[in-house]
Amino acid sequence: MRLFVRSFVLVALAVLLSGCGYNAIQQKDEAVKAGWSEVLNQYKRRADLIPNLVNTVKGYAAQEKEVLIRVTEARAKVGQINVNANDAQSLAQFQAAQGELSGALSRLMVVTENYPNLKSDQSFRDLQAQLEGTENRITVARGRYIQTVQDYNTYIRSFPQVITAKIFGYKEKPNFTVENEAQIQQAPQVDFGTPPPAPAAPQPSAPPASQPAPAPAN
């Protein structure tokens, strides 16, 4: 009898928790963790490319010492951050450091436009292609993570899940900040080596229509 009562209680509890969103909260929480792991994986992939990139550029453009140092320092700063994705301040510091590194890399790629021999080097071209691909993958991973966190936060704030979340200690998660949330729907095509298009030349204005000669006076 006791075994029957215990089984009945367990089944009833499982049904109750499921109806209150407990299982869905677990699934969404795991999805957020998986999304964050992918974000870190893509950022690490970029960081691993940088030493070879810097050394390759240095072989052709050693005089660009300041730019190379900024890239190296920005990469080191990223590596020193022990980010906690559940802490808003830690996540903001991580995002700022990654943004600084992105800016330093962009400046480095602009500088390489002044060195034709470097641009034709096969190792540099391979590294550039890998870096461009990684930037796109970072954008995709970040976008998916943002959406996953938004889905999780919205779910645990809804009734009756909000009660279950409070009982079991599930809280809202901080998220990346984006200037334009519509941009996370697709990754931009990143091309550090393509210069901006030249402005269109102004079209010459049409010459004024010739006026008919005045009739001779009688």
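The values are calculated or read from the model by the stated rules, or taken from the named source; none is laboratory data. All figures in this text were calculated on a predicted structure; none of them were measured in a lab. As a convention, Cβ positions derive from the backbone with ideal geometry for all residues, glycine included, and neighbour counts pool all protein chains shown. Calculation scope for accessible area: heavy atoms of the full protein, side chains included, ligands and nucleic acids excluded. Shrake-Rupley method; radii C 1.70, N 1.55, O 1.52, S 1.80 Å.
Within the stretch 102-116, the presence of at least one residue that is within 16 Å of the chain's Cα centre (by Cα) and surrounded by 16 or more Cβ atoms within 10 Å (Cβ to Cβ) is confirmed. Only one of the numbered conditions (1) modelled with pLDDT of 95 or more; (2) surrounded by 15 or more Cβ atoms within 10 Å (Cβ to Cβ); (3) part of a helix (DSSP H, G or I) is violated by Leu17, and that is (1). Can you find a residue in the stretch 185-199 that is modelled with pLDDT under 95 and farther than 25 Å from Val110 by Cα? Checked against the condition, which is being modelled with pLDDT under 95 and farther than 25 Å from Val110 by Cα, the stretch 185-199 yields at least one hit. Restricting the first member to the stretch 53-82 and to residues that are at positive phi, and the second to residues that are surrounded by 14 or more Cβ atoms within 10 Å (Cβ to Cβ) and in a helix (DSSP H, G or I), no beta-carbon pair is closer than 7 Å while six or more apart or on different chains. Of all residues assigned to the stretch 141-149, at least one qualifies as being crowded, with 16+ Cβ neighbours inside 10 Å, of a type in the set (D, E, K, R) and touching a helix residue (DSSP H, G or I) at 6+ places or on another chain (Cβ under 7 Å).
Mind counting the residues in the stretch 57-88 that are polar (S, T, N, Q), under 26 Å from Gln122 (Cβ atoms) and surrounded by fewer than 13 Cβ atoms within 10 Å (Cβ to Cβ)? Of the residues in the stretch 57-88, 1 are polar (S, T, N, Q), under 26 Å from Gln122 (Cβ atoms) and surrounded by fewer than 13 Cβ atoms within 10 Å (Cβ to Cβ). Scan the stretch 25-48 and give yes if some residue there is part of a helix (DSSP H, G or I), at pLDDT below 95 and β-branched (Val, Ile, Thr), otherwise no. For the stretch 25-48, residues part of a helix (DSSP H, G or I), at pLDDT below 95 and β-branched (Val, Ile, Thr): absent.
Name the one entry in Arg157, Arg125 that is open to solvent by 10 Å² or more (accessible area, probe 1.4 Å) and within 24 Å of Val178 (Cβ to Cβ).
One residue alone meets the criteria, Arg157.
In this structure, Asn175 does not qualify as in a helix (DSSP H, G or I), open to solvent by less than 100 Å² (accessible area, probe 1.4 Å) and at pLDDT 95 or above.
Within the stretch 95-153, the residues that satisfy the criterion of being among the aromatic types (Phe, Trp, Tyr) and over 12 Å from Gln42 (Cβ atoms) are Tyr115, Phe124, Tyr152.
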